[in-house]
Amino acid sequence: MSATRSTISTEIPVLTGLRGFAAFWVLLYHAWVEAVPRAMVIGNADYGINLTPAFSGGWTGVDIFFTLSAFLLSLPFVSWQMGLAPRPALGTFWQRRVLRIFPAYYTQIAVLLILAGVFGIGVWPGLTQLLGNLVLWFNFGHSGVTPLNAVTYTLSIEFCFYLVLPVLAFLLRPRWWIALLLFAVVETQIYRHLMFDSAADIPHKVLVLEQMPGRLDQFVFGMLAAYAYGRAAVAGRLPGARTADALFVLGIAGIVTMLTLSQINYEAYWQGHWLVFVWHGVVGAAVALMLFAAAAGSPIALELFDNRPLRYLGLISFGVYLWHYPILQWLSAAHAFDRIPGYRLPWIVPILLLVSCVVADLSYRLIERPLLRIGRARSAHPNVTSDEVPAARPA
């Protein structure tokens, strides 16, 4: 990539496909739970291949979302630190973050309220719960409220990262990045250990640990992957195909290893097992390797994720993530799967995916894309498009 470019491109189609896979993985996990979780083994008990972690670990898609978001959103700041572009305007940056999340999210809240208030589907929230949902006041100790949609607790983690990213981006420069890495790892470990010891039971441990300070390391790994990619791209030193493939496979191996370990030690995990303190960070580092390798042109990554179905799913991934769980609950409450003989997962997944994509497509076309275009038009740097939904062509 030539250093004469005004910015480092954030239009990387393979990463859109990876985001689509992450959304599908989360959906697959919830479908697996609904179908009554069971061991997913190929073969017999003595010589079978246990694929259960691939299903029970579907929430790893959230880890991919977090690290990928940090990667893409950091690229304009990397361009600034390298002298290729002005510093991103903070007002515009945060405005676009608000436009990215809240219009689609508030639309969902409105639908949930209408269904509960008019049709009796779901539970009408109290005033405190409603106000807390409007400002994403989740995962904040005893004062946090219960989300109307269980999966939206992650939005508060994501938005907290948006607030600190411009500050952390000052360290995306030679030698300073080491301080950023050390700060993130040390801060995360101190936080997770202190909060783990202070919480009395597992529900409270989950509540306090799954906050942005307890997952800062995986965001920072995404930032550092963006920094490494930007410097290598501008200097013309991106790795070759074989090296990129090796890094990508190493990232996959890291995720598989952590999923396998969590499956083996699931009973001890919330009892203070070492995995509870490092799991998200190690997975974030593995995802960061995959992002760097994929952006650098890994043929394996391109083969797996740079295809029309996954790119389309990535394009509407925010809507799929927002809507799949309520849709699954509605279908289950309506007994839509009760007449399916045998194991229901092969039926639940395609039905849930189809309905979720229809709703998500409407959300993207009618709400998300129009507002993002407004935000981009008002931006001082409209060519900088580092959003979770990029300006890629729909499939």
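The values are calculated or read from the model by the stated rules, or taken from the named source; none is laboratory data. The structure presented is a predicted model; accordingly, all values stated were derived computationally and were not measured. Methodologically, a virtual Cβ is constructed for each residue, glycine included, from the backbone with ideal geometry; neighbour enumeration extends over all protein chains shown.
Determine, yes or no, whether residue 191 is touching a residue at least 12 places away in the same chain (Cβ under 8 Å), more than 16 Å from residue 67 (Cα to Cα) and of a type in the set (Ser, Thr, Tyr). The answer is yes for residue 191. The requirement of being surrounded by 17 or more Cβ atoms within 10 Å (Cβ to Cβ), β-branched (Val, Ile, Thr) and over 19 Å from residue 322 (Cα atoms) is fulfilled nowhere in region 141-149; no residue meets it.
The residues of region 56-73 that are at pLDDT below 95 and either assigned to a helix (DSSP H, G or I) or among the acidic types (Asp, Glu) (or both) amount to a single one, 56. Which residues, counting only those in region 246-294, are under 25 Å from residue 39 (Cα atoms), in contact with a Phe, Trp or Tyr (Cβ under 8 Å, 6 or more places away or on another chain) and β-branched (Val, Ile, Thr)? Of everything in region 246-294, just one residue is under 25 Å from residue 39 (Cα atoms), in contact with a Phe, Trp or Tyr (Cβ under 8 Å, 6 or more places away or on another chain) and β-branched (Val, Ile, Thr), namely 276. In region 157-176, the residues that are without any contact (Cβ under 8 Å) to a residue 24 or more places away in the chain reach residues that are part of a helix (DSSP H, G or I) with C-beta atoms within less than 7 angstrom, at least six apart or across chains, in these pairs: 171/177; 171/179; 171/180. Only one of the listed residues (325, 321) is of a type in the set (Phe, Trp, Tyr), touching a helix residue (DSSP H, G or I) at 6+ places or on another chain (Cβ under 7 Å), surrounded by fewer than 24 Cβ atoms within 10 Å (Cβ to Cβ) and at pLDDT 95 or above. That residue is 325.
Per the listing 58, 91, 83, the residue uniquely closer than 20 Å to residue 17 by Cβ, surrounded by fewer than 22 Cβ atoms within 10 Å (Cβ to Cβ) and not hydroxyl-bearing (Ser, Thr, Tyr) is 58. For region 266-290, filtered to residues that are of a type in the set (Phe, Trp, Tyr) and not in a helix (DSSP H, G or I), the residue that is nearest to residue 184 (Cα to Cα) is 274.
The residues in region 295-322 that are within 15 Å of residue 354 (Cα to Cα) and assigned to a loop (DSSP other than H, G, I, E, B) can be counted, and the count is 1. Would you mind finding the one in 207, 250, 181, 261 that is within 30 Å of residue 302 (Cβ to Cβ) and in contact (Cβ under 8 Å) with a residue 40 or more places away in the chain? Matching residue, one of 207, 250, 181, 261: 181. Name the single residue, out of those in region 83-124 being of a type outside the set (A, V, I, L, M) and touching a Leu at 6+ places or on another chain (Cβ under 6 Å), that is farthest from residue 230 (Cα to Cα). Here the residue is 122.
Yes or no, residue by residue, for (1) within 23 Å of residue 55 (Cβ to Cβ); (2) modelled with pLDDT of 95 or more; (3) buried (at least 19 other Cβ atoms within 10 Å of the Cβ):
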{"site": "232", "(1), (2), (3)": "no, yes, no"}
{"site": "236", "(1), (2), (3)": "no, no, no"}
{"site": "243", "(1), (2), (3)": "no, yes, no"}
{"site": "248", "(1), (2), (3)": "yes, yes, yes"}
{"site": "252", "(1), (2), (3)": "yes, yes, no"}
{"site": "259", "(1), (2), (3)": "yes, yes, yes"}
{"site": "282", "(1), (2), (3)": "yes, yes, yes"}
{"site": "300", "(1), (2), (3)": "yes, yes, no"}
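Taking the criterion of being in a loop (DSSP other than H, G, I, E, B) and in contact with a Phe, Trp or Tyr (Cβ under 6 Å, 6 or more places away or on another chain), the only residue of region 74-87 that qualifies is 87. Residues of region 323-337 that are of a type outside the set (Val, Ile, Thr), part of a helix (DSSP H, G or I) and touching a Leu at 6+ places or on another chain (Cβ under 9 Å): 324, 325, 326, 328, 330, 331.
With respect to being over 22 Å from residue 133 (Cβ atoms), modelled with pLDDT of 90 or more, of a type in the set (Gly, Ala, Ser) and not in a helix (DSSP H, G or I), residue 91 falls outside the description.
Among the residues of region 166-193, the one identified as within 13 Å of residue 276 (Cα to Cα) and either among the aromatic types (Phe, Trp, Tyr) or exposed (fewer than 11 other Cβ atoms within 10 Å of the Cβ) (or both) is 191.
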